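Participant: Sharing a structure here in structure tokens format.
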Amino acid sequence: MPIYNGAATLDRAIRSVCGQTFPDWEIVAVDDGSVDESYGVLLRSAAKDDRIRLIRLTENSGVGAARNIAIQNARGRFIAYLDQDDEYYPEHLAHVAQFAEQADMLVFGYDFSYEDGPANGRLTAWDPASVRDNFFTINTSVPLGVAHRRELWEKVGGFNEMWCEEDWDFWKRLARAGADFVFLPLKSGCFHVRPDSASRVPHITRKQRESFLANWKARKPLYGDKTLAPTPRQVRRIAYGSPHCLADPVSGAAVATLQGLRLLKKLGFECQAFCTSRQDGQEEIDVALGRHRIPFGWQNVSVDGFHGRMLTVSSDNVPISVFQTGGPRGFCKDDAEQTAFYRLYGRFLDTFRPNALLSYGGDPVADTMIRLAKNRDIPIVFWLHNFAYGGPDAFRAADYVLVPSEFSREYHWNKLGLACQTMPAVIDPQAIQVESWQPRYVTFVNPQPNKGLYIFARIAEVLGRRRPDIPLLVVEGRSHTAWRTDTGIELGQLSNLTTIVSGPAQEFYAVTKLLLMPSLWNESFGLVAAEAMLIGIPVLASNRGALPETLGNAGFLFDIPDRYTPETRIVPTADEVKPWVETIIRLWDEAAFYEQASQAVRQEAQRWHPNQIAPIYREFFSNICHQPGPPILPRFEGTE
């Protein structure tokens, strides 16, 4: 029994043990640094019954630490739990003794009693057996409903002392260690839900909070880089599972994730992917793959009366299975199609049996895919490529969250309390290699407002007047919109402007002399900029998001006034883009200056070369393990 400032309810809990019909018990009560009258209540109770043993800690260490200390000092061969504000029913310990020989771990039902709000006084029942099939996605039972053999605690290393859901983590580690669970149709007692219950407002100790902050500053997982797993895990199989098509050639997230899997494949990991045909572009996935000259095949599939097709792609020996959906832009057209997709995905997980699942998304289908993997006790690695998440809920099932830049890591910590791991992007020189580099364009990719379309429009207009001999190239990406007229500047009238539809990256890199990236939103990395740099193409970019980090000590950064945001539709003045224009002209006219800039970006980009990145990927993915909780800074008393 761990106690922290529980004087108001402690006597009721102790009386419920003293009133048991089974007499052969002991209470090991640990006062975890209480500052109220808890210890006095304990002393008076112990004076009346010598089966109550007391331990007093001078500093609040957390419920996990208190439970570990209690079990270290316990003399019984079976361990049961009772929190300070709950109570046993009179027959509970007799039932524990009765079924003690039938399993390693007994799981009982219990009642909820609500003591505040509209539900005040209401009693409801909870049957843990109802969610036993979701053991790894739902906390089956509070400690009140659990009793187990003492030696199991020693086998799995005790409770994790750095987490406020240490009970759920402990149950999961018992299951992984092979403990035999029995769910009994009996109730252990009453779980009292109060305004200050730990189930509503977790109490985080000073030591825990300091540990969380220290781990984040050291760029470690929130709970440290050690695990309490009973045996070391060998991570060799990595799966990608998401509704977002990994073969999507115009999705930066898909391209970056696939590059990472390709590198892992070369490092000896087995990698496979399962997804739907949902993509960022407006055309069908087979059309997009054909335009980008990516080979693929089809096969018919049947599941529970549903008949459909799977598209198969192999990218550097990374098999990608794409479920062809019938809805617009790759969404499932109805419930039957979605159910069939989940069934096939489950078969994929059961056949491939990955050691970790790599995913992203945040929508209901992505959440379900993550839960299906989590229910199979597969650790989840969420690869976060953007800043679209307004809260931490999408990451509650994740063990790790990866981001491509330090800017993104700090942004998500400060905004969401999300502890991310920085995983640098992989850029394969062979994937962007151009056979014959004939640089002759200033190139702007993906003409959308948030990518800086209105900034580009003014740059193009000024160059059209001052230097029509400098040709401009616009590479249309996700959508073919009326961007030429949206800005109010007749870009279509410029004689020096050429437009192409995005195809293989090598095609436009082969003719690009300078790359413009005037983004108005926070870029989480800037993949196009990094690829251009590796080829030796100087990049002119805004100072938004991670772009300064991407360019490093090379390229050219420009301030954009704060009033220009991803939502604004305002073309800047000629004076505001003058630094961009002057730099373009100088790079165009001065061969020595251009060559110096080209060499600088090529050298800076070597930090993304697979040879530099490989040790980082091998170290991280080889040591993926189950984390005791999500990588979200727990809410603690006194915080919002």
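Participant: Does the range 226-267 hold any residues that are under 21 Å from residue 295 (Cα atoms), assigned to a strand (DSSP E or B) and either over 17 Å from the mean Cα position of the chain (by Cα) or modelled with pLDDT under 85 (or both), and which are they?
Facilitator: Result: no residue meets the conditions.
Participant: Where the second residue is small (Gly, Ala, Ser) and surrounded by fewer than 19 Cβ atoms within 10 Å (Cβ to Cβ) and the first is assigned by TED's automatic domain parsing to the domain that holds residue 531 and lies in the range 493-509, which pairs have Cβ atoms under 8 Å and are six or more apart or on separate chains?
Facilitator: 505/431
Participant: Separate question: Restrict the check to the range 337-350 and report whether at least one residue is farther than 19 Å from residue 300 by Cα and either within 17 Å of the chain's Cα centre (by Cα) or surrounded by fewer than 17 Cβ atoms within 10 Å (Cβ to Cβ) (or both).
Facilitator: Checked against the condition, which is being farther than 19 Å from residue 300 by Cα and either within 17 Å of the chain's Cα centre (by Cα) or surrounded by fewer than 17 Cβ atoms within 10 Å (Cβ to Cβ) (or both), the range 337-350 yields at least one hit.
Participant: Let me ask something else. Within the set of pairs 6 or more residues apart or between chains, which connect a residue that is surrounded by 17 or more Cβ atoms within 10 Å (Cβ to Cβ) inside the range 169-186 to a residue that is β-branched (Val, Ile, Thr) and part of a strand (DSSP E or B) with Cβ atoms less than 8 Å apart?
Facilitator: 171/146; 181/107; 183/107; 184/107
Participant: Which residues, counting only those in the range 291-308, are loosely packed, with under 14 Cβ neighbours inside 10 Å and without any contact (Cβ under 8 Å) to a residue 40 or more places away in the chain?
Facilitator: 295, 297, 298, 299, 300, 302, 304, 305, 307 - these are the residues of the range 291-308 that are loosely packed, with under 14 Cβ neighbours inside 10 Å and without any contact (Cβ under 8 Å) to a residue 40 or more places away in the chain.
Participant: Just checking, which of 108, 136, 112 is assigned to a strand (DSSP E or B) and surrounded by 19 or more Cβ atoms within 10 Å (Cβ to Cβ)?
Facilitator: 108
Participant: Those residues that are part of a strand (DSSP E or B) and modelled with pLDDT of 95 or more, I need them from the range 491-534; list them, please.
Facilitator: 512, 513, 514, 515, 516, 517, listed by residue number.
Participant: Right, next: Right, residue 153: closer than 15 Å to residue 67 by Cα and touching a residue at least 60 places away in the same chain (Cβ under 8 Å) or not?
Facilitator: It is true that residue 153 is closer than 15 Å to residue 67 by Cα and touching a residue at least 60 places away in the same chain (Cβ under 8 Å).
Participant: Mind checking which residues of the range 60-85 are of a type in the set (Ser, Thr, Tyr) and within 15 Å of residue 141 (Cβ to Cβ)? Break it down stepwise before answering.
Facilitator: The first filter runs over the range 60-85 and keeps only residues of a type in the set (Ser, Thr, Tyr), leaving 61, 81.
Hit for the range 60-85 is 81, nothing else.
Participant: Okay, moving on. Could you tell me which of the residues 607, 635 is within 22 Å of residue 410 (Cα to Cα), outside any loop (DSSP other than H, G, I, E, B) and among the basic types (Lys, Arg)?
Facilitator: Exactly one of 607, 635 is within 22 Å of residue 410 (Cα to Cα), outside any loop (DSSP other than H, G, I, E, B) and among the basic types (Lys, Arg), namely 607.
Participant: I've got another one for you. Starting from residues that are over 20 Å from residue 375 (Cβ atoms) and in contact with a Pro (Cβ under 8 Å, 6 or more places away or on another chain), keep the ones in the range 141-155 and report whichever is surrounded by the fewest Cβ atoms within 10 Å (Cβ to Cβ).
Facilitator: Looking at the filtered set, the residue picked out is 155.
Participant: Given the conditions (1) in contact (Cβ under 8 Å) with a residue 40 or more places away in the chain; (2) touching a Lys or Arg at 6+ places or on another chain (Cβ under 9 Å); (3) of a type in the set (S, T, N, Q), which single one is not true for residue 102?
Facilitator: (2)
Participant: On to the next question. What number goes with the only condition from (1) assigned to a loop (DSSP other than H, G, I, E, B); (2) at pLDDT below 95 that residue 430 does not pass?
Facilitator: (1)
Participant: Kindly check whether there is at least one residue in the range 557-577 that is at negative phi, buried (at least 18 other Cβ atoms within 10 Å of the Cβ) and among the charged types (D, E, K, R).
Facilitator: So far as the range 557-577 goes, no, none of its residues is at negative phi, buried (at least 18 other Cβ atoms within 10 Å of the Cβ) and among the charged types (D, E, K, R).
Participant: Let me ask another. If you check 455, 470, which single one turns out to be assigned to a loop (DSSP other than H, G, I, E, B), modelled with pLDDT of 90 or more, touching a helix residue (DSSP H, G or I) at 6+ places or on another chain (Cβ under 9 Å) and among the hydrophobic types (A, V, I, L, M, F, W, C)? Spell out the reasoning first.
Facilitator: Details: 455 fails: assigned to a loop (DSSP other than H, G, I, E, B).
470 is the lone residue from the list that is assigned to a loop (DSSP other than H, G, I, E, B), modelled with pLDDT of 90 or more, touching a helix residue (DSSP H, G or I) at 6+ places or on another chain (Cβ under 9 Å) and among the hydrophobic types (A, V, I, L, M, F, W, C).
Participant: So, one more: Go through the residues of the range 459-466 one by one and say whether even a single one is closer than 28 Å to residue 287 by Cβ and either buried (at least 17 other Cβ atoms within 10 Å of the Cβ) or assigned by TED's automatic domain parsing to the domain that holds residue 252 (or both).
Facilitator: Within the range 459-466, not a single residue is closer than 28 Å to residue 287 by Cβ and either buried (at least 17 other Cβ atoms within 10 Å of the Cβ) or assigned by TED's automatic domain parsing to the domain that holds residue 252 (or both).
Participant: I would also like to ask the following. Looking at the range 582-616, which of its residues are touching a Lys or Arg at 6+ places or on another chain (Cβ under 7 Å) and touching a residue at least 24 places away in the same chain (Cβ under 8 Å)?
Facilitator: 585
The values are calculated or read from the model by the stated rules, or taken from the named source; none is laboratory data. Quick caveat, the model's predicted, so the values are computed rather than measured. Ideal geometry is used to build each Cβ from the backbone, glycine not excepted, and the neighbour counts take in all protein chains shown.
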